[in-house]
Amino acid sequence: MCGIVGLFIKDKALEPRLGELTATMLATMCERGPDSAGFAIYGDAKSGKAKITLQSPQPDTDFAGLAKAVGAKIGHAVTLDIKSTHAVLTCPAADVDAARAAVREVAPNVRVMGRGDVIEIYKEVGWPTDVAKRFDLESMTGTHAIGHTRMATESAVTTLGAHPFSTGPDQCLVHNGSLSNHNNLRRELIRDGMIFETVLIGTLGADAFLGLWTGATSWDDPRVTEALTEYKKILDPANGWINTDHSSLSWDQAADKLIDGTAAMTIMGDWANGEFTAKEFADYGWAPAPGNADIYQALSDSFGLPVKAQHPDETKLFLAWLGSAETQAIFNPYKGSIAANVTSGDPPADELQYNDYQKSAQADWKTNTIVPSMEHGAAANPAWSSAINDVLTSFVTDLDVAAAQGALVTAASDFTQ
């Protein structure tokens, strides 16, 4: 249960009271969302200027000297208006992308809450009226505002989990409720993303594909256009290359179609091999996708050490055991994968053995060119992967190559130099 408020001022004489009125409305929603709160204020635009709202858990350290450092990086003066854990950096509109890149470089712990010509986004953990007072909401002026109070039901109470969320320049989103089927949705996005990046690899080749993530290859490259066009052919129902219910299936449901003989092939990672093994299905083969011969797209499963682990020494022993050659040899045959530990040999005689697919993958690993997987966090960070998935979600519906490529270029500009 959460609370949402919004206010659009039509009478210009009331614009100075926008913050006051929004704070009053937000206060009425305290019981609906006592964990955290946030709001977006749309103020007046300043000619030729843009705003970037920033947040830091250590504002005294991170905001000190930030304006001077960013200004030096972009070659133009910027200002920084600090409000508690947030700050609004104002810069020339033409330099907004360079300013964001400069912030990431000089203050990597600082988070961008939003950007645009007029929007400012503030959010924090705490009772909504306390959050409003913390940022002096009552004194803010503008044309419209949106606010949110949160009662977390399925995730942690954090600043980043509070609303609003930036969805683009001068745009934000708040919502009430939660996605109970988020795992299924993620599986669908992973499947679509895997097909697209497989086509990208086949069209660009290993070196140019790697360049997409470093900036060496531009996302407006004609080969990316070609990859999107090929991906469109795969998705277009008129071609009959893909099952009509593909968007409603998770990857394991798609794999079931191979098992029951209603599909000829699927593009999927080696966990599909583990799925087939678990279901005692062995009547399948494997081959690289077109253009992917001698290229190995890789990711690795990992187990992390929590920062505040209650028993760090014991946890380290457990992690060392997981990464040992012996444990890797036992685990991977069930997973369908190959061992990350290169010293890992064959499984014990009384354990499940590597099957023919895994032996083939082990041989390929030694000779193929290795490229990282976008969909599984090896090529792009979570924010960039999420932006790409947003593009693909639209593309699956509208099949607009030009629009998709333009959105990919925009997304890349936020993460590459």
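Numbers at a glance
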item: Between segment 255-318 and segment 124-149, the alpha-carbon center distance in angstrom; result: 46 Å
item: Phe318/Asp60 FRET efficiency (R0 41 Å; Cβ-Cβ; nearest 0.05); result: 0.65
item: Radius 13 Å from Cβ of Ala282, net charge of other residues (Lys, Arg +1; Asp, Glu -1); result: -3
item: Cα-based convex hull volume of the chain per residue, rounded to whole Å³; result: 184 Å³
item: Shape category assigned to segment 11-147 from the gyration tensor of Cα positions, a/c cut at 1.5; result: oblate
item: Net charge dipole size for segment 184-410 [Lys, Arg +1 and Asp, Glu -1 on Cβ; Debye, nearest 20]; result: 320 debye
item: Within-13-Å neighbourhood charge of Ile370 [Cβ basis; K, R +1; D, E -1]; result: -2
item: Ranked packing of 37-48, 235-246, most packed first, by mean Cβ within 10 Å; result: 37-48, 235-246
item: Positive minus negative residues near Thr85 (Lys, Arg vs Asp, Glu; Cβ under 11 Å); result: +1
item: Ranked by how many other beta carbons lie within 10 Å on average, peptides 162-171, 74-83, 139-148, 361-370 from highest; result: 139-148, 162-171, 74-83, 361-370
item: Unit charges at the beta carbon, dipole of segment 3-173: most positive-side option, Ala107, Leu66, Ala93; result: Ala93
item: Integer Hz, Karplus 6.51/-1.76/1.60 couplings in order for segment 119-136, x for Gly and Pro; result: 7, 9, 10, 10, 7, 7, 6, x, 4, x, 5, 5, 4, 4, 5, 4, 9, 6
item: Contour excess over end-to-end distance, with Cα ends at Ala325 and Ala403 and 0.36 nm allotted per residue; result: 23.3 nm
item: Relative compactness, segment 184-410, computed as alpha-carbon Rg over 2.2 N^0.38 Å; result: 1.10
item: Distance (nanometres) between label positions extended 7 Å along Cα→Cβ at Ala156 and Ser47; result: 4.7 nm
item: For segment 319-370 and segment 214-245, distance of Cα centres in Å; result: 33 Å
item: Whole-number percent relative contact order across segment 3-173, with pairs defined as alpha carbons under 8 Å at least 6 apart; result: 41 percent
item: Nearest-0.05 FRET efficiency for Leu173 and Thr367, computed from C-beta distance (R0 41 Å); result: 0.30
item: Residue among Asp130, Asp11, Asp97 with the largest mean-square fluctuation in a Gaussian network model of the chain, springs linking Cα atoms under 10 Å; result: Asp11
item: Choice from Asp117, Asp350, Asp270 showing the highest fluctuation, given a GNM over the chain with Cα pairs closer than 10 Å; result: Asp350
item: Residue-wise HN-Hα coupling along segment 90-104, computed from phi with Karplus coefficients 6.51, -1.76, 1.60 (Hz; x: Gly, Pro); result: 9, 9, x, 4, 5, 9, 4, 5, 5, 5, 4, 5, 5, 4, 4
item: Anchor Lys308: lysines whose Cα lies under 30 Å away (excluding residues fewer than 8 positions away in-chain); result: Lys83, Lys123, Lys316, Lys335
item: Loop chymotrypsin sites (Phe, Trp or Tyr not before Pro), segment 258-294 (other Cβ atoms within 10 Å of the site Cβ: 15 or fewer; DSSP); result: Phe281, Tyr284, Trp286
item: Value of [θ]222 nm, deg cm²/dmol, for the chain, DSSP H segments ≥ 4, -39500 (n - 2.57) each, nearest 500; result: -12500 deg cm²/dmol
item: Rounded FRET efficiency, nearest 0.05, which uses the C-beta distance separating Thr79 from Ala27 and R0 of 41 Å; result: 0.85
item: The chain, dipole about Cα centre (Lys/Arg Cβ +1, Asp/Glu Cβ -1), debye to the nearest 20; result: 1360 debye
item: Anisotropy class of segment 98-154 from Cα gyration tensor, a/c 1.5 cut; result: oblate
item: Charge dipole of the chain about the Cα centre (unit charges at C-beta), most positive-ward option of Gly336, Ala412, Thr369; result: Ala412
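Every number in this text was worked out from the coordinates using simple rules, so none of it is lab data. The structure displayed is predicted, hence computed values, not measured ones. Here Cβ is always computed from backbone atoms with ideal geometry, including for glycine, and neighbour counts include all displayed protein chains.
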